[in-house]
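Here's the structure we're looking at; comments come further down.
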Amino acid sequence: MLRGGAIQVGQNATRSSVCVLAACGLLLSSGCKPTNQFAAPPPPKVQVAAPVQQKITRYVESTGNTAAVNQVDLVARVPGFLQEIGYQDGKMVKKGDSLFTIEPLPYLSKLQQAQASEASAEAQVKQAEAEYIRQSQLGQKDFASQSMVDQALAKRDSARADVQQTKASTEQAAIEYTYTRVAAPFDGVVTAHEVSIGNYVGGTTPTKLATAIQMDPIWVNFTISEQDVLRIKAERAKRKITTDPVGNIPVEIGLQIETGYPREGMLDYVAPNVDASTGTLAVRGIFKNADIALQPGYFVRVRVPVQKDIDALLVPDVALGSDQSGRYLLVVNDQNVVEQRRVTIGELVGELRAIDTGLTPQDKVVVTGVQRAVPGQKVTPEPVPVAPTPTPIPSPSGAR
């Protein structure tokens, strides 16, 4: 028994020794391992570019609407039944084309009657003049009394007056006869007819038949702010321009589906006063429209050049940010630290935006990776080139 118990105790002691040695090994191994330390990530990479130095044109930009130079309601000026419609609704017509015909025969009859009355009156004048001459000669020889001479003179003068009256009646009849034919007053488009053939028109009041609209040329009406007016006047005074600018200033427009301002015209009217209620000045340009691409009532974007060949700094428009304080750019300084620059902007030239203030030619503007550039934090700048915007190609003559 004792021997067996001794053997059991020895086995337990051996197990305890193994556990102690294992624990010591774990402690020794953990004590030799190096301590973990935090390593900061490298500064984020951003692409930077120097501003593009380029000559640009300063513009005053606005919005406007196209309007017809001439638009006339065609009306029946004499009463009668509509006999003929000589055009297709909505089609182009030439000046002088017959559009509507009101039964002309009654008015032709009146004209012929007036002409006959005029001829009769002229015959009466000849007879009265001959009688007056005869009575005057007889009176000189004392073969006719003075009263007979006076009566002959009165008849002659009355006959002359009748001729003038009949001529006026003939002219009135001729005018009414011409009114039976309603002609196109200018080249343009005529709207759908509002009266059908056989209807009685021109009764107590003139009857509207259709509307004629001139399409070429076409006006563009727009307004500019009082501030822009002052800018233009200051620039003209600086350049010592004192002549009337109307007709010498180009105007550019673009439709909603067009890129840029591909159509060119000329300024042809400037209102003499600023509207005090809106603080704007009414302005109008005129454009050739031979292809009828512009129709009255279109909404258009408008710009008028104010200054040409102005040195400017330009950056990609996508680099600009905005907040409640205005527009800004992110710039990387010599220590590769991001700075926020408040800027004022100018014209958009292609995909580049002119920067009026807040930027220098030596600045490095963040153009890509703006979301990774935090003001006050370091970045790793990668310079990239920005190409100048090419000079716009003049509009073809057909678009003017």
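Things worth noting here:
- Residue 181 vs. criteria assigned by TED's automatic domain parsing to the domain that holds residue 93 and buried (at least 19 other Cβ atoms within 10 Å of the Cβ): no
- Under the condition of being acidic (Asp, Glu) and touching a strand residue (DSSP E or B) at 6+ places or on another chain (Cβ under 6 Å), the residues counted in region 79-113 number 2.
- Residue in region 384-398 that is loosely packed, with under 14 Cβ neighbours inside 10 Å, in contact (Cβ under 8 Å) with a residue 24 or more places away in the chain, more than 35 Å from the chain's Cα centre (by Cα) and farther than 24 Å from residue 269 by Cβ present: yes
- Residue check, residue 314 of a type in the set (A, V, I, L, M, F, W, C) and either in the same structural domain as residue 362 (by TED's automatic domain parsing) or in a strand (DSSP E or B) (or both): yes
- Among the residues of region 253-282, those that are farther than 30 Å from residue 190 by Cβ, in contact with a Leu (Cβ under 9 Å, 6 or more places away or on another chain) and hydrophobic (A, V, I, L, M, F, W, C) comprise 270, 271, 274.
- Among the residues of this structure, residue 376 does not count as one that is of a type in the set (Gly, Ala, Ser), outside any loop (DSSP other than H, G, I, E, B) and outside the structural domain of residue 231 (by TED's automatic domain parsing).
- Residue in region 277-289 that is modelled with pLDDT under 90, over 16 Å from residue 59 (Cα atoms), surrounded by 14 or more Cβ atoms within 10 Å (Cβ to Cβ) and not small (Gly, Ala, Ser) present: no
- Test: residue 169 is out of contact with any strand residue (DSSP E or B) (no Cβ under 8 Å at 6 or more places or on another chain), part of a helix (DSSP H, G or I), of a type in the set (Ser, Thr, Tyr) and surrounded by fewer than 16 Cβ atoms within 10 Å (Cβ to Cβ): no
The values are calculated or read from the model by the stated rules, or taken from the named source; none is laboratory data. For clarity, every value in this text was computed on a predicted model and none was experimentally measured. Backbone-built Cβ (ideal geometry, glycine too); neighbour counts: all protein chains shown.
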